[in-house]
Amino acid sequence: MWAASCLASCCAACACDACRTVVSGISRKSARIAYCGLFALSLIVSWILREVAAPLMEKIPWINHFHKTPDREWFETDAVLRVSLGNFLFFTILAVMMIGVKNQKDPRDKLHHGGWMMKIICWCVLVILMFFLPNGIISFYESISKFGSGFFLLVQVVLLLDFVHGWNDKWVGYDEQFWYIALLVVSLVCYVAAFAFSGLLFYLFTPSGHDCGLNTFFIVMTLILVFVFAVITLHPAVGGSVLPASVISVYCMYLCYSGLASEPRDYECNGLHKHSKAVSTGTLTVGLLTTVLSVVYSAVRAGSSTTLLSSPSSPRAGWSTSVGESGKLVDVGWPSVWVRIVTGWATA
């Protein structure tokens, strides 16, 4: 036992030294990537707790205080929301502390680029503290985060436009017929994909035999705005490019799908209710992918791009399930639907 204890102590000490060495090795140039790593850690922790935390949370009295214990999915969602809130508070506190910092001569710049071991500890403490909060605070955070997600979607549009414009300028810069044809082909593929996507939306969300005028309005209005945006972009007075417009058209249709998929599962016009589990997994995967890509891209580009790029203080993935005080799981609902649809219209 004594030997085992000594071995465990040595291993722990080595692990701490290794972590301290890695953390201290983070330089000014890699600080942005380190923040992305911390964000990735929050996603990993969220994913793990989503899978394993439900049985433990059922035993916490200030969380499971319902007359009837909710199903497992309620606790999975609640765990993710608590990690998200801790992540949000951590980055918000950092952002507030950095207000007014304009260059590396400011003393607070050391706080931004250094002290990583303490930052990780503070992040862990904040996340743990979130599991001691009552359900009411988590429900409030979940409600306001729906509207915050609309802002993040707009940030994603800015990042997407920055990327596509760079892509377009690079190909145009070659000034060769092959690359002009390539731009045209990619743009046509994007527009065909957007209109094919709209056909799928009509099939899934306007089933025959039901009055689905609202869903029809959502889809048709998105198509109209995509068409108008394309016409404006190609107008000689604007001097825009067809590639950015075509890529944005696909993204707008995705936002329309995301909004329609957020309709309550018992809504008669939501054709996804029979495949809710598969759809949730697919939406979650796409949301995670787009979130990670946009955050990493903003971290890499923000320091050198002249475009107005700002990394959100607490990006959230597709963890979009409402939590009711009754303990009954209620799907995303109409606030999320309108936020995503209106964001898609604003994008176009």
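Residue by residue, here is whether (1) out of contact with any helix residue (DSSP H, G or I) (no Cβ under 6 Å at 6 or more places or on another chain); (2) assigned to a helix (DSSP H, G or I) holds:
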| residue | (1), (2) |
| --- | --- |
| Leu201 | no, yes |
| Gly209 | yes, no |
| Thr216 | yes, yes |
| Phe227 | yes, yes |
| Gly240 | no, no |
| Ser249 | no, yes |
| Ser258 | no, yes |
| Glu263 | no, no |
| Cys269 | no, no |
- [ ] May I ask you to list the residues in the range 91-110 that are assigned to a helix (DSSP H, G or I) and open to solvent by less than 70 Å² (accessible area, probe 1.4 Å)?
- [x] Phe91, Thr92, Leu94, Ala95, Asp109
- [ ] Those residues that are in contact with a Ser or Thr (Cβ under 9 Å, 6 or more places away or on another chain) and not aliphatic (A, V, I, L, M), I need them from the range 214-238; list them, please.
- [x] Asn215, Thr216, Thr222, Phe227, Phe229, Thr233
Task: Residue within the range 130-139 that is more than 30 Å from Glu76 (Cα to Cα), outside any helix (DSSP H, G or I) and of a type outside the set (Val, Ile, Thr) present - done: no
- [ ] Could you please tell me which pairs satisfy a Cβ distance under 7 Å, a separation of 6+ or placement on different chains, a first residue in the range 138-152 that is small (Gly, Ala, Ser), and a second residue that is surrounded by 19 or more Cβ atoms within 10 Å (Cβ to Cβ)?
- [x] Ser139/Val323; Ser145/Arg316; Ser149/Arg316; Ser149/Val339; Gly150/Val339; Gly150/Thr343
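Before we move on, is Glu73 open to solvent by 60 Å² or more (accessible area, probe 1.4 Å), in contact with a strand residue (DSSP E or B) (Cβ under 8 Å, 6 or more places away or on another chain) and in a helix (DSSP H, G or I)? Write out each step before concluding.
Numbers: open to solvent by 60 Å² or more (accessible area, probe 1.4 Å): yes; in contact with a strand residue (DSSP E or B) (Cβ under 8 Å, 6 or more places away or on another chain): yes; in a helix (DSSP H, G or I): yes.
Yes, satisfied.
The values are calculated or read from the model by the stated rules, or taken from the named source; none is laboratory data. Worth saying up front: this structure is predicted, and the values here are computed from it rather than measured. Please note: Cβ atoms are built from the backbone with ideal geometry, for glycine as well, and neighbour counts cover all protein chains shown. Just the protein is used for accessible areas: all its heavy atoms, side chains included, with ligands, DNA and RNA removed. Shrake-Rupley method; radii C 1.70, N 1.55, O 1.52, S 1.80 Å.
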